[in-house]
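Notes for the one structure printed next.
None of the figures in this text is laboratory data; all of them are computed from the coordinates on show. Owing to the predicted nature of the structure, the values given are computational and were not obtained by experimental measurement. Cβ sites come from the backbone with ideal geometry, for glycine too, and all protein chains shown count toward neighbours.
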């Protein structure tokens, strides 16, 4: 089926297997990804615009969406600040334990989200290691939006570090030496010359961390209070609607999440493309 | 783009230069290097070199890679610290100054321009980062940047970004940026190494013009001897962490004082000879060549391919057999095998020369240098 | 600033070093900040898993992980991974073969589509299958009448897991194979090898480390997936619970030590994954191009 189609579209090549490979790829892709996502789109469309709008703007839904997006933005921003510091320290300094720390940065990628979720809750609960320290001061972390933030910082931590590290590693020493020879002190060199050059990588890491945080479920639901309007994240609301068999509502919220995330990511990709055009890669 | 600007090169308004030259330090600076040595770990990069750079001079540090020339430049810049020795800027001890305090203009092989800043912002950077007390106003910085752009013949490009410029243009921006801080000393690290041959040649000429107009003491590092001989007031030939010879281009070319300099600069042919009681002997044959103060014993005879005469009955000449013959630009090049050991020398003759491969020929150098053979392992 | 000859060397040595680096106090401060941040956010949770797991002592630990429902969860987790990982492996090979060795329009669209599951929330990844195969879904009733159950049964879990781990192998192979080009394959073909032989003897060895890298990442995610599986599973103890779901059940029953005990097994898996990942990056960095992307 794809064989004949494929031969007509591609450049002639001596290498065999194009039809088979592309055919299998497209079939698998359609069955696993495209058709299910299409189902989502169709279902969302079947609500009609007003039906969709009513669900999305319901107070509880709005609260959940706002909570998810705002805390994800804040967590991603925190990851930018500390991620740059961590990347800087790992690339430019030598100290005992550096390799171990470099390795551990990838932990949030490898650790199952539910495990992270219960571990974080254990630490920040009122009787936990950190939660217990802060409880006498009336500061509650677990079961509040603050706890959600902590979990989202955990989940997004590697993204900024791993996108900034390679750029820092390749950074020309001569640029720093040039800036110093022109009279810039260290602070000026870092803030006026190096950080602006790192901006594309930082933005990329930010977007990745943000996108991951918005959709995060497992690490968050244990430590969040899951109280509607207060500490209920959008993915949780989707699950709740599903359990109520309100498929329409679940679909609408999912579509809204995907839509907003898509817009944010598109915006940032545009910024990056503009930067690439201006400054060169 | 470069061709268009090149045309502009020929008509730079004279008045554009005066303000910049005046605004700088009053006098060009003298640089003194005293017995500077540098080790990286256990590896010596410089063995106690000394050098006097006269005010306003354009000096080339010339040598193969590993000769220490870049290390010396970086020490002058303050980017490396010598293991021992002194560096003086006029009368001041330069080693107590940080890079920022030394006021040297640096130009790198790969330009090192700040990619996220425009050309004007790059040039003005050194002025913008000054402490408030010494910082000119924004308007003044902009004026100076535009003035320097005129000087380096890139007028009109102030809003461009480095990625939108050619290599030659980027290097000129790097130059303008270094000049903006009114440096006491200009240090150029293989400034044309990343450019095409044609652009390189154009920029060489341009550099000499700029230097003549602005008069900064300038040191540049290169491994290209053609560049050094063409550009510099004096050439410092370096090898293996030591200075082999310092002199004007003519001195370096015509009177090399070591076999390294002779073979590194220009072309050379070399033969092992014996000096006996003031006479030069090759393969038991006395040559019509004066020993000129070279001591008795084994020596190396150096001469340039062009500096020979040939004949069939030249007395005291080196007999040999032509093994290869080819054209070389407008002349004839011959490889000649001489002596029992079959040493091969290269000579250049006018293209009318008739002798062919396997023909017999006698070669007598008209100009030559003799260097004693160093003991084994030197 | 100092005048003594030795003093000058020491002071100026420091100053020279500070051209492209910060002053010592700043460096120390930054290192401490980075270490503190990583310790609090990464190491602490890791320690917490193991320390909480052993709260009931070794016997309690052993009991938790050998209990029938836990064992059933482990078996299901392994089964799901055993299906999802090879499936995505084959897909990854096919997709990278098509993308890297041939020219055809729409390549970058294909790449974007392959990456799609990465940008989708795990919950939504499960939701889409409920929409398709759930009782209210498009195909649900039809399948139900045939006696096939997907949602709230193992097939649904497998499908959802395949979805979320879809890109992992392909992401590692595509850039590498694109970088490697077609020369080796063309050489093999010109020497008379068949397509299959070329693939097995030339292409595969060239990408074996990237393949392994993708597989271990895929596996880690497949075994640890929670959100998507949670949506499609029925949370039926002993039947449709993977290990992460089992952890959740235990936790919600306040059976904390047991929950952490099972969680610790998953954490161990994560650590092993990290170790293998680092080892591969360290030794075969050039053969797993794009390993810095995630």
statement: Across 10 Å bins beginning at 0, the whole-percent shares of Cα-Cα pair distances in the protein assembly as shown come to 2, 9, 15, 16, 15, 14, 12, 8, 5, 3, 1, 0
message: At a 10 angstrom cut-off on C-beta neighbours, averaged per residue, how do the peptides B:261-267, A:178-184 rank from highest to lowest?
response: A:178-184, B:261-267
- request: Using packing as a proxy for protection, rank C:85-98, C:27-40, C:265-278 so that the peptide with the highest average count of other Cβ atoms within 10 Å comes first.
  value: C:85-98, C:265-278, C:27-40
message: For chain C, set up a GNM with springs between Cα atoms under 10 Å and report which of C:190, C:51, C:125 has the largest fluctuation.
response: C:190
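For chain C, just run the numbers: alpha carbon Rg, then divide by 2.2 N^0.38 Å, N being how many residues it has.
Numbers: Rg = 25.3 Å, N = 294, 2.2 N^0.38 = 19.1 Å.
Rg over 2.2 N^0.38 Å, computed on Cα atoms: 1.33.
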task: May I ask you to derive the FRET efficiency for residue A:187 and residue C:118 from their Cβ-Cβ distance with R0 = 56 Å, giving the value to the nearest 0.05?
output: 0.90
Two-decimal ratio, region C:189-262, of alpha-carbon radius of gyration to 2.2 N^0.38 Å: 1.84
message: On C-alpha positions alone, give me the angle between the axis of helix B:197-214 and the longest principal axis of chain B, in degrees, nearest 10.
response: 60
message: Please list, in order, the residues from region B:236-263 whose amide nitrogen is less than 17 Å from a point placed 7 Å along the Cα→Cβ vector of residue B:306.
response: B:249-256, B:262-263
- prompt: Averaged over all directions, how much area does the convex hull of the C-alpha atoms of region B:261-378 cover when projected, in nm²?
  reply: 7.6
message: Taking beta carbons within 10 Å but only from partner chains, what does the mean come to for residues A:234-243?
response: 4
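What order do you get for C:153-161, B:321-329, A:236-244 when each peptide is scored by the mean count of other beta carbon atoms within 10 Å, highest first?
On the way: C:153-161: 24.0, B:321-329: 12.3, A:236-244: 19.3.
The densest-packed peptide leads the list: C:153-161, A:236-244, B:321-329.
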- request: Provide, in order from the shortest bin, the percent of all Cα-Cα pairs of region B:237-286 in each 10 Å bin, continuing until the bin that contains the maximum pair distance.
  value: 23, 37, 29, 10
message: Which residue fluctuates most in the GNM of chain A (Cα springs below 10 Å): A:28, A:93, A:124?
response: A:28
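Given all pairs of different Cα atoms, what value in angstroms does the Kirkwood hydrodynamic radius of region C:57-166 take?
Details: mean 1/r = 0.0602 Å⁻¹.
16.6 Å is the Kirkwood radius here.
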- request: Please give the average number of partner chain Cβ atoms lying within 10 Å of the Cβ of each residue in C:212-220, rounded to a whole number.
  value: 1
- prompt: Per-residue ellipticity at 222 nm for the protein assembly as shown, helices alone: DSSP H runs ≥ 4 residues times -39500 (n - 2.57), over residue total, nearest 500 deg cm²/dmol?
  reply: -17000 deg cm²/dmol
Helix B:138-151 axis, angle to chain B major axis (alpha carbon atoms, nearest 10°): 30
statement: A student applying the Cα gyration tensor rule (rounded when a/c is under 1.5; otherwise prolate if a/b is larger than b/c, oblate if not) would label chain B prolate
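Averaged over C:221-229, how many beta carbons belonging to a partner chain fall within 10 Å of each residue's beta carbon? If you can, show how the numbers build up before the last one.
Numbers: counts 4, 0, 1, 8, 4, 10, 13, 2, 2.
So the per-residue partner count for this stretch is 5.
Just the C-alpha atoms of region B:116-156: what Rg/Rh do they give, with Rh taken as the Kirkwood radius? Let's see the in-between values first.
Working: Rg = 10.3 Å, Rh = 10.5 Å.
Result for region B:116-156 is an Rg/Rh of 0.99.
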